[in-house]
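In what follows, a single structure is set out as structure tokens and then discussed.
Nothing in this text is a laboratory measurement; each read-out follows from the coordinates by a stated rule. Everything quoted here is computed from the prediction, not taken from an experiment. Positions of Cβ are generated from backbone atoms using ideal geometry, with glycine treated the same way; all protein chains shown enter the neighbour counts.
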Amino acid sequence: MKKAIFLFFIFYSLFSCTENKPVPDPQVLIDADIAFSDYSAKNGIQKAFIEFAHDSVVLLKPKRMPIVGKQSLIESYVGKSDSGVVLTWKPAKSIIAESGELGYTYGFWLLVAQNDTSRGTYLTVWKKNTSGQWKYIADTGNEGLEN
């Protein structure tokens, strides 16, 4: 009987152990999103969206099919200029999955082009790449935010 109880405790100990991972701090995604926006303001929209994109990125834009993959994103910018246009945004909140590999941010964007200003909301999904860097894997936004 003692042997059975001893074996029970050994099996219980072996199979009940779980790794306690620290809860991911959502501030890392806020920081990544702010860096992404700052890069856009300094280097242009196209360069920022390419630089911060995950290889498996998906962009959802109004009135067009999704842009799937970083190479397709690069090709979508060929022959298009973003000079004179500044896009910035400010994250309002971020959430990271308990696994620490995936998360999202959402917030408000501002587009300034010569004498025109537009505002809206956005949602960006982030994923860690193989180097452990946060890259956006999906992005979409809505135009038309009233003050």
According to a simple spin-label model (label point 7 Å from Cα along Cα-to-Cβ), what is the distance in nm between Val112 and Ala97? 3.8 nm
Segment 20-143 - Kirkwood radius from inverse mean 1/r over Cα pairs (Å): 14.9 Å
Glu75 versus Glu143, label points 7 Å from Cα toward the beta carbon: distance in nm? 2.6 nm
